[in-house]
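Asks: Have a look at this one before I ask anything.
The values are calculated or read from the model by the stated rules, or taken from the named source; none is laboratory data. The shown structure was predicted, so the numbers you read here are calculated from the model rather than taken from an experiment. Every residue, glycine as well, gets a Cβ built from its backbone with ideal geometry; the counts of neighbours run over all protein chains shown. These accessible areas exclude ligands, DNA and RNA; they are computed on the full protein's heavy atoms, side chains included. Shrake-Rupley method; radii C 1.70, N 1.55, O 1.52, S 1.80 Å.
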Amino acid sequence: DARDRRVPMSTLRQKIAERLVYAQHTAAILTTFNECDMTAVNEVRAKHKEAFKAKHGVSLGFMSFFVKASIDALKAIPSVNAEIEGDDMVFKKYYDIGVAVGTEQGLVVPIVRNADQKSFSEIEAEIASLGKKAREGKLSMGDLSGGTFSVSNGGVYGSLLSTPIINPPQSGILGMHKTQERPVAIDGKVEIRPMMYIA
């Protein structure tokens, strides 16, 4: 049919689709929404971004802040950094964080290994490197497997809210969204703050 164009999915795309459908059929998925005031993060980035880039050769993005915050939360609540295996809960003593990366072929989630032992600059450099590999189609299954938790930034697509899908066998995922100035109540007064909904 001249109105259709059929393109076979790559093996990687098929595998990712299978895993996402599997997650929705096998996990008891609950999404909670919160919002965070990005004022402090924006101030830190504005103050240090030029020196950070000059020293480390990578930009100080939002993702490293959220990866670090996620690790702190996982340390406080270890069951979220665990997986269910048969009748057992397996608690991970390491923090391999999946970071969603958009490519022309769709979203992939490569893993930043031992992210708790990495600095902000090391996390940003690894995310940049994995993103480049993803866009060039050079990610291996090893780059995509074994994460303990994931972080996804729908804000790059302009999304204000979304319900991210767990990447099995992980127990959780943090969805970031677009930062938008909104009026909020601070100490009984209305102020305009850069706010982000997180899922």
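Asks: Looking at region 22-74, which of its residues are of a type in the set (D, E) and either touching a residue at least 60 places away in the same chain (Cβ under 8 Å) or closer than 21 Å to I111 by Cβ (or both)?
Replies: E35, D37, D72
Asks: Does at least one position in region 170-191 carry a residue that is more than 30 Å from T39 (Cβ to Cβ), open to solvent by less than 40 Å² (accessible area, probe 1.4 Å) and within 14 Å of the chain's Cα centre (by Cα)?
Replies: Yes, region 170-191 contains at least one residue that is more than 30 Å from T39 (Cβ to Cβ), open to solvent by less than 40 Å² (accessible area, probe 1.4 Å) and within 14 Å of the chain's Cα centre (by Cα).
Asks: Can you say whether I77 is at pLDDT below 95 and either exposed (fewer than 15 other Cβ atoms within 10 Å of the Cβ) or on the phi > 0 side of the Ramachandran plot (or both), as far as the supplied structure shows?
Replies: no
Asks: Take region 112-121 and flag every residue that is part of a helix (DSSP H, G or I) and farther than 24 Å from S140 by Cα.
Replies: The one that is part of a helix (DSSP H, G or I) and farther than 24 Å from S140 by Cα: F120.
Asks: Now for a different question. Among the residues of region 3-17, which ones are hydroxyl-bearing (S, T, Y) and assigned to a helix (DSSP H, G or I)?
Replies: Matches in region 3-17: T11 only.
Asks: Within region 146-155, does at least one residue satisfy the condition of being part of a helix (DSSP H, G or I), surrounded by fewer than 20 Cβ atoms within 10 Å (Cβ to Cβ) and either of a type in the set (F, W, Y) or at positive phi (or both)?
Replies: The answer is no; no qualifying residue exists.
Asks: If you take the residues in region 109-124 that are of a type in the set (A, V, I, L, M) and touching a Gly at 6+ places or on another chain (Cβ under 7 Å), which one is most open to solvent (accessible area, probe 1.4 Å)?
Replies: Looking at the filtered set, the residue picked out is V109.
Asks: Continuing with this model, one more query. Quick check: anything in region 51-58 of a type outside the set (A, V, I, L, M, F, W, C), touching a helix residue (DSSP H, G or I) at 6+ places or on another chain (Cβ under 8 Å) and open to solvent by less than 60 Å² (accessible area, probe 1.4 Å)?
Replies: yes
Asks: Exactly one condition in (1) under 14 Å from the mean Cα position of the chain (by Cα); (2) open to solvent by 90 Å² or more (accessible area, probe 1.4 Å) is false for D4; which is it?
Replies: Exception for D4: condition (1).
Asks: Quick check on this structure: which one of G106, G86, G102 is closer than 26 Å to Q14 by Cβ, free of Cβ contacts under 8 Å to residues at least 60 places away in the same chain and either open to solvent by 50 Å² or more (accessible area, probe 1.4 Å) or not hydroxyl-bearing (S, T, Y) (or both)?
Replies: Just a single option satisfies the conditions, and that option is G102.
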